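The values are calculated or read from the model by the stated rules, or taken from the named source; none is laboratory data. No experiment lies behind these values; they were computed from the predicted model shown. Glycine also receives a Cβ, built like all others from the backbone with ideal geometry; neighbour counts cover every protein chain displayed.
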């Protein structure tokens, strides 16, 4: 179990399993109103869904995109607000196309989040806003007063106090999963409960082992994931890089994609983290890569993360996640708890480097809410 100490970040990582259960109950209490809003938007068969956010909030969309598109049967696109505000016409090409803009934001005060909503309002004639945020006092939530706008606030505990997004990321990701499969909301409660058990297992069984890994002399980490887990790999690399104040440089990729050039970064000082799929077909490609990397001498250490791993590779630390009498859960739900090892690694590497996890940026180059972004009027 994580030693909490005085760190808000440590507390926020450790309390996530409870937060996931609270998130389900909180959304359940809003089910009728949220269901009515989604039904109104989904009346349009040509509705396009845009999942938008900046940084960690953008990666939520990357994890959700494919499963939401499959379940709602609507074209779904994950777009970073940092791309949207500079090139809005690339994402809103047809004036009369109905769009559901789902905004993810911890604070709801970042300039890009607010500008994206304003630009969408300018260029879309048929627009629905679903704002998923952790801060009831943020501008994104408090400025929402349109009949085609729904604000879904996360539980109070989701509004992380630390610099790095942890519980805010997983709770908003879970919210996105639940609303994309609203017809099976009651059935999906079982997945959330299993998720919480998995999260508790990771924290109780593997935190100390990950703490020991954090003491190793690595200066780069590469996270690998397939499908929705590639988005988790991306968020994991950001967590370690943020919490180490850039002293550890991180990269992410898919298992197949890393062969095409990025594999060159694997050196003697590289930690490799594999986030394995639960799909046996996908595993064939993933373990092929593990075997390939094991043939080269250059690497420091490997961590493997997966749900009830059936194959066993030559991996330094195998984090097989399974609970007795619990069936496997859909991969998109497993993705929520698969971020925990990356968060824990970032936390302990931050401490190992003599930084404070709540505010690891020594020169304040990064802030809890991004600073210094000018928003310009588009002609």
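Worth a mention:
- Residues located in the stretch 252-268, provided they are part of a loop (DSSP other than H, G, I, E, B) and either free of Cβ contacts under 8 Å to residues at least 40 places away in the same chain or touching a strand residue (DSSP E or B) at 6+ places or on another chain (Cβ under 6 Å) (or both): 254, 255, 256, 260, 261, 268
- Only one entry of 175, 158, 233, 196 meets the criterion of being modelled with pLDDT of 95 or more, closer than 15 Å to residue 336 by Cα and out of contact with any helix residue (DSSP H, G or I) (no Cβ under 7 Å at 6 or more places or on another chain), and that entry is 233.
Each row is one residue, and each column tells you yes or no for (1) outside the structural domain of residue 12 (by TED's automatic domain parsing); (2) within 26 Å of residue 245 (Cα to Cα); (3) part of a strand (DSSP E or B); (4) in contact (Cβ under 8 Å) with a residue 60 or more places away in the chain.
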| position | (1), (2), (3), (4) |
| --- | --- |
| 121 | no, no, no, no |
| 125 | no, no, no, no |
| 129 | no, no, yes, no |
| 146 | no, no, no, no |
| 152 | no, no, yes, yes |
| 160 | no, yes, no, yes |
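For every residue, the table says whether it meets (1) modelled with pLDDT of 90 or more; (2) surrounded by fewer than 16 Cβ atoms within 10 Å (Cβ to Cβ); (3) touching a strand residue (DSSP E or B) at 6+ places or on another chain (Cβ under 6 Å).
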site: 290; (1), (2), (3): yes, no, no
site: 295; (1), (2), (3): no, yes, no
site: 298; (1), (2), (3): no, yes, no
site: 305; (1), (2), (3): yes, no, yes
site: 310; (1), (2), (3): no, yes, no
site: 315; (1), (2), (3): no, no, yes
site: 325; (1), (2), (3): no, yes, no
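- Residues in the stretch 107-133 that are at pLDDT 95 or above and more than 19 Å from residue 88 (Cβ to Cβ): 132, 133.
- Hey, residue 70 within 20 Å of residue 335 (Cα to Cα) and out of contact with any helix residue (DSSP H, G or I) (no Cβ under 7 Å at 6 or more places or on another chain) or not: yes
- Just one of the listed residues (175, 196) is under 17 Å from residue 37 (Cβ atoms) and assigned to a helix (DSSP H, G or I), namely 175.
- Top-ranked residue of the stretch 134-150 - restricted to ones that are surrounded by fewer than 20 Cβ atoms within 10 Å (Cβ to Cβ) and touching a helix residue (DSSP H, G or I) at 6+ places or on another chain (Cβ under 9 Å), ranked as modelled with the lowest pLDDT: 144
- Which numbered condition residue 166 fails, given (1) loosely packed, with under 15 Cβ neighbours inside 10 Å; (2) not assigned by TED's automatic domain parsing to the domain that holds residue 299: (1)
Listed here are the residues, each with its yes/no results for (1) out of contact with any strand residue (DSSP E or B) (no Cβ under 6 Å at 6 or more places or on another chain); (2) in the same structural domain as residue 210 (by TED's automatic domain parsing); (3) touching a residue at least 24 places away in the same chain (Cβ under 8 Å); (4) assigned to a strand (DSSP E or B).
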| site | (1), (2), (3), (4) |
| --- | --- |
| 223 | no, yes, yes, yes |
| 232 | no, yes, yes, no |
| 247 | yes, yes, yes, no |
| 250 | no, yes, yes, yes |
| 272 | no, yes, yes, yes |
| 287 | yes, yes, yes, no |
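- Filter pass, residue 229 being buried (at least 24 other Cβ atoms within 10 Å of the Cβ) and under 24 Å from residue 134 (Cα atoms): yes
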